[in-house]
Amino acid sequence: MSLPTAACMDGAPWRLVEQRVVDIVVDACTRIDDSPMGLVPADVHALRVSCKRLRALWRMLEPAFGTELTRPMERTLRDAAKQLAGQRQAWVLVKTLERLGRKASARKDRFLAVDLAADLAAALGTAEAPTTSVPFLRQAFEQQPPALRALPRRPSVDDLIAGIVSGAERARRHGRRARRRDEVERWHRCRRWVKYELYQLDITLDLKGALRRRHRRLERLGELLGRHQDGFDLELQLAGAEVAVPLPGPAAAVLAAWRGERDAQRLLKCIRRRQQRLLQRIEKRFDVLYGGRRGGLEAALRKAFART
C-alpha cells in the first residue's frame with residue numbers, strides 16, 4: 001500500500017492512518033459486494049486479515065483513549081471475524097496436513113498426512129466452494145472510518161508510539177511466560193500481539209531501516225507461531241478434544257472416523273514432534289525480537305515518525 005503524499009507533506013501521521021483505514025475498508029467492502037453468492041476461501045482469509053488489521057489499530061489506541069472507547073469497535077470486528085472461522089479452520093487443517101506430508105521425516109507419516117488431507121478436502125468439496133456470507137460483515141467495516149473521526153481528539157505521535165510499544169511489551173510478556181511455564185497456549189496469545197505489532201507498523205509508517213528489518217522478523221515469527229497454532233488445533237481435532245471453533249459436519253465426520261484408525265496415534269506422535277521442532281525455531285526468533293533492550297523500539301519509532 002503506497003504512502004499518501006498529503007500525509008507525508010503536512011507531517012500529520014494520523015492522516016496516513018486514516019487513509020490506510022479507508023483503503024482497508026474499501027477493499028473489504030469490494031470483496032463482499034463481489035461475492036453475492038457467498039465468499040470463497042481466499043476472500044474469507046483476506047477479510048479475516050482485514051479485521052485483524054483494524055483490531056490492531058483499536059488496540060494501539062487503547063493506552064491513549066481507554067478501553068471504554070476502543071473496545072466496542074474492536075469487539076465488533078472480533079465478532080465479525082468469528083463468523084468466518086469455521087469453514088476457514090477446516091481448510092487450515094487441510095493445509096497443515098499437506099505441509100506435514102512434505103516435511104515429516106518418515107515415509108509412513110507423510111502418507112498418513114496426505115491421506116487425511118485428501119479425505120478432508122473431499123469432504124469439504126472444491127477449494128472454490130463458497131461459504132455463507134455474513135450479513136453484518138459489511139456494516140462492521142463501514143463503521144470504522146466514522147468511529148475514528150468521532151475520537152475526542154486526533155491521536156498524536158506520542159499516542160501512536162505508546163500504543164505500539166505497549167503491544168510489543170504484551171507480546172514479550174506472553175512469550176516469556178510461555179517459555180518459563182511451558183504453556184503452549186500462551187504462545188498463541190503472544191502470536192496475537194506479534195501480529196498486532198506487525199499490522200500497527202503497516203498502518204502507521206512507511207517502513208525503512210531498522211523498522212523494516214523488525215517488520216520482516218515479525219512476519220517470520222508470526223508465520224512460525226501461526227504454523228504452531230495450526231498444528232496445535234490439528235492435534236486437538238485428531239485427539240477428539242474440545243475445540244473453540246467447530247468444523248463443518250462433513251469434515252468433523254472424517255476426523256471422527258480417523259480417530260478410530262490404528263494409525264491415528266502414529267500421526268498424532270508425528271504432529272507433536274513437528275510441534276517441538278517449530279517451538280525451538282520460535283524461541284530463537286522470539287529472542288531476536290524481544291530479548292534486547294526495551295528502549296530500542298521506541299527510539300526507532302520516534303526516528304521514523306520524525307521523517308514522516
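Using a Gaussian network for the chain with springs between C-alpha atoms less than 10 Å apart, which of these wobbles most: 21, 184, 94?
Fluctuation is largest for 184.
Using a Gaussian network model of the chain with C-alpha springs under 10 Å, which one of 113, 162, 257 is most mobile by mean-square fluctuation?
Largest GNM mean-square fluctuation: 257.
Which lysines does residue 108 reach when only Cα atoms under 18 Å apart count, and residues fewer than 8 places away in its own chain are ignored?
Straight-distance partners of residue 108: 269.
At a 10 Å Cβ-Cβ cut-off, how would you order 105, 35, fewest neighbours first?
Details: 105 10, 35 16.
So the ranking, lowest neighbour count to highest, is 105, 35.
Find out how many positive minus negative residues lie around residue 266, taking Lys and Arg as positive, Asp and Glu as negative, among other residues whose Cβ is under 15 Å from that of residue 266.
Taking every other residue near residue 266 into account, the sum is +4.
Output the 0 to 90 degree angle, nearest 10, between the alpha-carbon long axis of helix 13-33 and the longest principal axis computed from the alpha carbons of the chain.
Tilt of helix 13-33: around 40 degrees.
Quick one: grab the alpha carbon gyration tensor of segment 141-251, order the square roots of its eigenvalues as a ≥ b ≥ c, and give me rounded if a/c is under 1.5, else prolate or oblate depending on whether a/b is larger than b/c. It would help to have the intermediate numbers written out before the result.
Numbers: a/c = 2.26, a/b = 1.56, b/c = 1.45.
Taking the square roots of the gyration eigenvalues as a ≥ b ≥ c, segment 141-251 is prolate.
Multiply the residue gap between residue 287 and residue 99 by 0.36 nm, knock off their C-alpha separation, and tell me the result in nm, one decimal place.
Working: separation 188, 0.36 × 188 = 67.68 nm, distance 2.58 nm.
The residue 287-residue 99 span can extend by a further 65.1 nm.
What does the charge count around residue 218 come to, taking other residues whose C-beta lies under 9 Å from its C-beta (Lys +1, Arg +1, Asp -1, Glu -1)?
In short, +3.
Local charge sum around residue 65 (other residues, Cβ-Cβ under 14 Å, Lys/Arg +1, Asp/Glu -1)?
Neighbourhood net charge equals 0.
Roughly how tilted is helix 184-204, in degrees to the nearest 10 and between 0 and 90, from the longest Cα axis of the chain?
Approximately 40 degrees, to the nearest 10.
In nm, to one decimal, how far is the residue 65 label point from the residue 303 one, both placed 7 Å along Cα→Cβ?
Here the modelled spin labels are 3.0 nm apart.
Counting alpha carbon pairs within less than 8 Å and at least 6 residues apart, what relative contact order, in whole percent, applies to the chain?
25 percent
In nm, give the distance between the simple-model label positions of residue 294 and residue 22, each being 7 Å from the Cα along the Cα-to-Cβ direction.
Spacing of the two 7 Å Cα→Cβ label points: 3.9 nm.
Using the basic label-point model (7 angstrom from Cα toward the beta carbon), what is the residue 263 to residue 110 distance in nanometres?
1.4 nm
By its C-alpha gyration tensor, with a ≥ b ≥ c as the square roots of the eigenvalues, how is the chain shaped: rounded for a/c under 1.5, else prolate for a/b larger than b/c, else oblate?
oblate
Do any GluC sites (Glu not before Pro) in segment 125-229 lie in a DSSP loop with no more than 10 other beta carbon atoms within 10 Å, and if so, which?
In loop regions of segment 125-229 (DSSP not H, G, I, E or B), the sparsely surrounded GluC sites (Glu not before Pro) are 128.
What shape does segment 96-198 have by the C-alpha gyration tensor, where a ≥ b ≥ c are the square roots of the eigenvalues, rounded means a/c under 1.5, and otherwise prolate means a/b greater than b/c and oblate the rest?
Oblate shape, in that a/c is at least 1.5 and b/c is the bigger or equal ratio.
With everything on Cα atoms, drop me the angle between helix 67-82 and the longest principal axis of the chain, reported from 0 to 90° to the nearest 10.
Computed tilt is about 30 degrees.
Report the trypsin sites (Lys or Arg not before Pro) located in segment 206-308 that are in a DSSP loop and have at most 10 other Cβ atoms inside 10 Å of their Cβ, or state none.
Filter output for segment 206-308: 262, 293.
Every number here is computed from the coordinates shown, using simple stated rules; none is lab data. In this text the structure is predicted, and so the values were computed from the model without any measurement. Quick reminder, even Gly has a Cβ in these numbers, built from the backbone with ideal geometry, and neighbours come from all protein chains shown.
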